[in-house]
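*Asks:* I have a structure here, written as structure tokens, and I will follow up with some questions on it.
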Amino acid sequence: MIFSLSLNPCVDKSLSIGKMDLDNPNRVMLERTDVGGKGVNVAVVCRRLGLDAQVIGCAGVDGYAKLQAKAKTEGIGCDFHKVEGAIRVNTKVFPLDGSGVTELNEPGPTLTAEDLDVFFDLAIEKTQGSDFVVITGSLPPGCPAHTYRELIRVLKVPCILDVGGAELVLGVEAR
């Protein structure tokens, strides 16, 4: 079993426009919305490759039903500690002229120290005996930069850490 940990899942909203014009209205030509985030996407890909996968994490109560529906559709296990607020929305704007992509990523709901304690207990319980754990995605507000390091230290299974910046530097200290 592979567990993917997602502290900050999202709704990915992709908008296609003709050409980005910062001084005038831009007309959306195509729109697509997907529930995901890196942690959810890892579990989905693992399942599509025929592996047993589950995603666990924290998620805002507003939008949580969409997350559960995505997991059910994809055949992955899903167990999230629900927190106040909404699952964040990440908007990608794709100009069809090939000039680049603009990303607008919301922060997500703020986690309290109590939320993190509940999540850590959930992660320890669920991942016992698993093959490995994939830890990926941004940390939501309220999480110190060392959150992933501390998580790796308490999990008793091999971990793959897919993050950048201070979270990566601190996470590598765990093992």
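The values are calculated or read from the model by the stated rules, or taken from the named source; none is laboratory data. Since the structure is predicted, the reported quantities are computational estimates derived from the model, not experimental observations. All Cβ positions, even for glycine, are placed from backbone atoms using ideal geometry, and neighbour counts span all protein chains on display. What goes into the accessible areas is simple: the full protein's heavy atoms, side chains included, and nothing from ligands, DNA or RNA. Shrake-Rupley method; radii C 1.70, N 1.55, O 1.52, S 1.80 Å.
*Asks:* Please find, within the range 129-157, the residue that is least open to solvent (accessible area, probe 1.4 Å) out of those that are of a type in the set (G, A, S) and over 18 Å from G85 (Cβ atoms).
*Replies:* Residues of the range 129-157 that are of a type in the set (G, A, S), as a first pass: 129-130, 137-138, 142, 145.
Among the residues that remain, those that are also over 18 Å from G85 (Cβ atoms) are: 129-130, 145.
Details: G129: 79, S130: 13, A145: 41 Å².
By that ranking, first place goes to S130.
*Asks:* Let me ask something additional. Give me the residue from the range 54-81 that is without any contact (Cβ under 8 Å) to a residue 24 or more places away in the chain and not small (G, A, S) and, out of that set, nearest to C10 (Cα to Cα).
*Replies:* If we filter the range 54-81 for residues that are without any contact (Cβ under 8 Å) to a residue 24 or more places away in the chain, which is where we start, we get 64-65, 68, 72-73.
Subset that is not small (G, A, S): 64, 68, 72-73.
Details: Y64: 10, Q68: 12, K72: 16, T73: 17 Å.
Step by step, filter the range 54-81, then rank; the result is Y64.
*Asks:* In the range 88-119, how many are among the hydrophobic types (A, V, I, L, M, F, W, C) and under 16 Å from the mean Cα position of the chain (by Cα)?
*Replies:* If we filter the range 88-119 for residues that are among the hydrophobic types (A, V, I, L, M, F, W, C), which is where we start, we get 89, 93-94, 96, 101, 104, 111, 113, 116, 118-119.
Narrowing the set further to residues that are under 16 Å from the mean Cα position of the chain (by Cα) leaves 89, 104, 111, 116, 119.
Total meeting the criteria: 5.
*Asks:* Within the range 66-87, identify whether any single residue is surrounded by fewer than 17 Cβ atoms within 10 Å (Cβ to Cβ), in contact with a Ser or Thr (Cβ under 7 Å, 6 or more places away or on another chain), not hydrophobic (A, V, I, L, M, F, W, C) and not in a helix (DSSP H, G or I), and answer yes or no.
*Replies:* Checked the range 66-87: no residue is surrounded by fewer than 17 Cβ atoms within 10 Å (Cβ to Cβ), in contact with a Ser or Thr (Cβ under 7 Å, 6 or more places away or on another chain), not hydrophobic (A, V, I, L, M, F, W, C) and not in a helix (DSSP H, G or I).
*Asks:* Among the residues of the range 109-128, how many are in contact (Cβ under 8 Å) with a residue 12 or more places away in the chain and open to solvent by 80 Å² or more (accessible area, probe 1.4 Å)?
*Replies:* Of the residues in the range 109-128, 2 are in contact (Cβ under 8 Å) with a residue 12 or more places away in the chain and open to solvent by 80 Å² or more (accessible area, probe 1.4 Å).
*Asks:* Among the residues that make up the range 35-42, is at least one of them farther than 26 Å from L151 by Cα and in a strand (DSSP E or B)? Can you show your working first?
*Replies:* If we filter the range 35-42 for residues that are farther than 26 Å from L151 by Cα, which is where we start, we get none.
Looking for residues that are farther than 26 Å from L151 by Cα and in a strand (DSSP E or B), one finds none in the range 35-42, hence no.
*Asks:* Six or more apart or on different chains, Cβ atoms under 7 Å: show the pairs whose first residue is in the range 150-175 and over 25 Å from M1 (Cα atoms) and whose second is open to solvent by 60 Å² or more (accessible area, probe 1.4 Å) and not acidic (D, E).
*Replies:* Taking only residues 6 or more apart or on different chains, the pairs are L170/H146.
*Asks:* Can you find, within the range 9-42, the residue that is farthest from A113 (Cα to Cα) among those that are open to solvent by less than 10 Å² (accessible area, probe 1.4 Å) and touching a residue at least 60 places away in the same chain (Cβ under 8 Å)?
*Replies:* Step one: of the range 9-42, the residues open to solvent by less than 10 Å² (accessible area, probe 1.4 Å) are 9-10, 17, 36-37, 39-40.
Still in the running and touching a residue at least 60 places away in the same chain (Cβ under 8 Å): 9-10, 17, 37, 39.
Working: P9: 19, C10: 21, I17: 41, G37: 22, G39: 21 Å.
Ranking the qualifying residues of the range 9-42, first place goes to I17.
*Asks:* Is it the case that the range 93-108 has a residue that's open to solvent by less than 40 Å² (accessible area, probe 1.4 Å) and not in a loop (DSSP other than H, G, I, E, B)?
*Replies:* Taking the range 93-108 first, the residues open to solvent by less than 40 Å² (accessible area, probe 1.4 Å) are 93, 95, 100, 108.
Still in the list and also not in a loop (DSSP other than H, G, I, E, B): 93, 95.
Scanning the range 93-108, I find at least one residue that is open to solvent by less than 40 Å² (accessible area, probe 1.4 Å) and not in a loop (DSSP other than H, G, I, E, B), so the answer is yes.
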